[in-house]
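A.B. asks: Provided herewith is a single structure, encoded as structure tokens, for subsequent inquiry.
The values are calculated or read from the model by the stated rules, or taken from the named source; none is laboratory data. The structure presented is a predicted model; accordingly, all values stated were derived computationally and were not measured. Positions of Cβ are backbone-derived with ideal geometry, glycine not excepted, and every protein chain shown enters the neighbour counts.
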Amino acid sequence: MPTTHWNVRIAEHEPDLRAAADPGRIDSARIDRLLKAAESAAPEPPVLPAVWPTLAQDPAADYATFWKNNVRWSANELVRLMGGDKRPPRLGADQWKSFPGEAWFAAAQWKELRKSLQLLAAPPAFTAAAEREELFRDSMCEDSGAWDVPRGLPVERGPELGTTWCGKTDKLVWNPAPTSGTWLWLKQQLAGSFVFRQRYLATQTGEQRGLLILALCAAPLDSATAWEHASGPTMAHYYDYFDSYHFSLTRGGSGYTNLRRCGPGLVMLTSGSDPAQEAGRWYETAVVKHEGILDLYVDGRLACSYLDLGALAPRLDAGRIGFRHVQTFVAQHRDVRIAAL
């Protein structure tokens, strides 16, 4: 690889960047050294939230875990870039439609690294996420008319079922193609700060292939695109037509809960342990969205956390919420509630 300014800068700090691959080695001295390097590589200071609304019971410890994990992501990407890796795990070449180049990606990772290090060095003030006004409520036990459902998708509803469907079906209407796959989209547009809550029960998981995707701030890339056609049916194309954040849960044997950004490609923002791998039980999920904060909770525990400052793609602030069952995944959804913060 030719020697350029961006990879020389990485090489200067390679030992600390490699050490940061182990969150247990991210101590205060290493944070200080890497923060100085990141401040030099990304001189524009990140605008961090003064207050962080949370549902976490022990926010100082819980968020430090995710911020260290995000340090690990960025440090790994920088080292891999220096080694000539054209397919970093955060940004697969086949999943980014207009990759701006290694120098751009290196700069983005230094910004991400500086953000996470500053959060660790000087955490914001945590405050309880207080719900002010109810924006939406649906028991999901009957057709409320609040959701867009793809034509031909066999959806069942009832007091015991809530709303349930299988992620794999041959009954969808495919003309004109592509259709949106097995998404249910909330018709109501949401913006600003809110808490989203729902319960779900996975009836097929484990050896069954598939997972649950929870999308928010979703919108078609082209305003003329109908929601029915906003997402393709296969992994290669399903993110081609819409912007969104999305969490994936109950991922079979992978053991991970991922937060990705759709739109310009499919970007891994952060990842955590999947706390919802068991079939046959109900899970209480909640998402807190506040400015760039995106926090996912499962049964009251922080499962994934990310602060989006727009380093990898423009931050999303408004759009729809949606559920997708992938492949053979089957689940029942109940008691959707959304409240403004």
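A.B. asks: Filter region 1-31 down to residues that are within 18 Å of Thr65 (Cα to Cα) and outside any helix (DSSP H, G or I) and give me whichever is modelled with the lowest pLDDT.
C.D. replies: Within region 1-31, the match that is modelled with the lowest pLDDT is Ala21.
A.B. asks: Applying the selection to region 20-30, what residues are hydrophobic (A, V, I, L, M, F, W, C) and surrounded by fewer than 20 Cβ atoms within 10 Å (Cβ to Cβ)?
C.D. replies: Those that are hydrophobic (A, V, I, L, M, F, W, C) and surrounded by fewer than 20 Cβ atoms within 10 Å (Cβ to Cβ): Ala21, Ala29.
A.B. asks: Still on this structure: Limited to region 278-290, what total is found for residues that are outside any strand (DSSP E or B) and crowded, with 18+ Cβ neighbours inside 10 Å?
C.D. replies: Counting residues in region 278-290 that are outside any strand (DSSP E or B) and crowded, with 18+ Cβ neighbours inside 10 Å gives 0.
A.B. asks: Further, regarding this structure: Could you grab the pairs with beta carbons closer than 6 Å, sequence gap of 6+ or different chains, first residue in region 206-227 and modelled with pLDDT under 85, second one among the charged types (D, E, K, R) and surrounded by 14 or more Cβ atoms within 10 Å (Cβ to Cβ)?
C.D. replies: So the pair list comes out as Leu211/Arg251; Trp227/Asp148.
A.B. asks: Still on this structure, please answer the following. Which numbered condition trips up Ser271, out of (1) at pLDDT 75 or above; (2) assigned to a loop (DSSP other than H, G, I, E, B); (3) not acidic (Asp, Glu)?
C.D. replies: Of everything listed in (1) at pLDDT 75 or above; (2) assigned to a loop (DSSP other than H, G, I, E, B); (3) not acidic (Asp, Glu), Ser271 misses just condition (2).
A.B. asks: Across region 131-164, which residue is modelled with the lowest pLDDT among those that are among the aliphatic types (A, V, I, L, M) and assigned to a loop (DSSP other than H, G, I, E, B)?
C.D. replies: Once the filter is applied, the top-ranked residue is Leu153.
A.B. asks: Hey, another quick one. Residue pairs, Cβ under 6 Å, 6 or more apart or interchain, first in region 128-157 and under 19 Å from Arg320 (Cα atoms) and free of Cβ contacts under 8 Å to residues at least 40 places away in the same chain, second among the β-branched types (Val, Ile, Thr) and in a loop (DSSP other than H, G, I, E, B). List them.
C.D. replies: Correct list of pairs: Val149/Val155.
A.B. asks: Another question, then. Do we find a residue being loosely packed, with under 14 Cβ neighbours inside 10 Å and in a helix (DSSP H, G or I) anywhere in region 38-54?
C.D. replies: Yes; the residues of region 38-54 include at least one that is loosely packed, with under 14 Cβ neighbours inside 10 Å and in a helix (DSSP H, G or I).
A.B. asks: Within region 289-312, can you find the residues that are over 19 Å from His333 (Cβ atoms), aliphatic (A, V, I, L, M) and modelled with pLDDT of 90 or more?
C.D. replies: Within region 289-312, Ile293, Leu294, Leu302, Leu307, Leu309, Ala311 qualify.
A.B. asks: Quick one: would you say His333 is over 19 Å from Gly192 (Cα atoms) and not aliphatic (A, V, I, L, M)?
C.D. replies: Considered against the rule, which asks whether it is over 19 Å from Gly192 (Cα atoms) and not aliphatic (A, V, I, L, M), His333 comes out as yes.
A.B. asks: Among the residues of region 165-184, write down those that are at pLDDT below 65, of a type outside the set (A, V, I, L, M, F, W, C) and crowded, with 17+ Cβ neighbours inside 10 Å.
C.D. replies: Residues satisfying the conditions are Pro178, Thr179, Ser180, Gly181.
A.B. asks: Which residues, counting only those in region 292-310, are in a loop (DSSP other than H, G, I, E, B) and either in the same structural domain as Leu78 (by TED's automatic domain parsing) or surrounded by fewer than 20 Cβ atoms within 10 Å (Cβ to Cβ) (or both)?
C.D. replies: Gly292, Asp299, Gly300, Leu309, Gly310
A.B. asks: Residue by residue through region 311-341, note down the ones that are on the phi > 0 side of the Ramachandran plot and either crowded, with 20+ Cβ neighbours inside 10 Å or out of contact with any Lys or Arg (no Cβ under 8 Å at 6 or more places or on another chain) (or both).
C.D. replies: Gly319, the sole residue that qualifies.
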